[in-house]
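Notes for the one structure printed next.
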């Protein structure tokens, strides 16, 4: 019984993290998890890791105080929920760019949507681009960000300056950075 629960716990985490990938090689890397304690309930399909949780798979790193992973009836991962002060995420999406780094009090990963939701004091950053907000939705595969403010604060985005200089061989403006979409739900427009 101990072997089955331990095996189920390891497989649950491996399946959850295989879907969250940046570099193609990340999904082929082993998953390494450390925590102060771990539990897995085969009936409910829930795994809980508590205390200084560190998850590493290839270029992906996740640090949290607690991580909950939920599986469906077939044993496939539905969601992963990390909490911390703050919980932190980092992953290399493109070898020609810096890693995507993010932090928030909670980080939720929806496997089917391939989306990370950062909630409460959310921040995401890559190279010279960044976004801050109350809630940030980040679609991993297409590197799309939606940032939401709240009644206390608005979203804040930083875009790098264009590398194209007017004049020679300037055919089109540089494409926008990954943080190209933001929504402000406060109703205030600047």
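The values are calculated or read from the model by the stated rules, or taken from the named source; none is laboratory data. Being a predicted model, the structure only gives us computed values, none of them experimental. Don't worry about glycine lacking a Cβ; one is built from the backbone with ideal geometry, like all the others, and counts go over all protein chains shown.
Taking segment 34-43 as the range and being at pLDDT 90 or above and either touching a helix residue (DSSP H, G or I) at 6+ places or on another chain (Cβ under 9 Å) or within 14 Å of residue 80 (Cα to Cα) (or both) as the test, the residues that pass are 38, 39, 41. Counting the residues of segment 123-141 that are under 13 Å from the mean Cα position of the chain (by Cα) and either without any contact (Cβ under 8 Å) to a residue 12 or more places away in the chain or assigned to a strand (DSSP E or B) (or both) gives 9.
Cβ-Cβ contacts under 7 Å between residues 6 or more apart (or on different chains), taken from a first residue in segment 38-55 that is on the phi < 0 side of the Ramachandran plot and surrounded by 14 or more Cβ atoms within 10 Å (Cβ to Cβ) to a second residue that is modelled with pLDDT of 90 or more and outside any strand (DSSP E or B), are listed as 49/35; 50/35; 50/36; 53/35. Can you tell me which residue within segment 116-129, out of those that are modelled with pLDDT under 90 and buried (at least 19 other Cβ atoms within 10 Å of the Cβ), is farthest from residue 157 (Cα to Cα)? Here the answer is 126.
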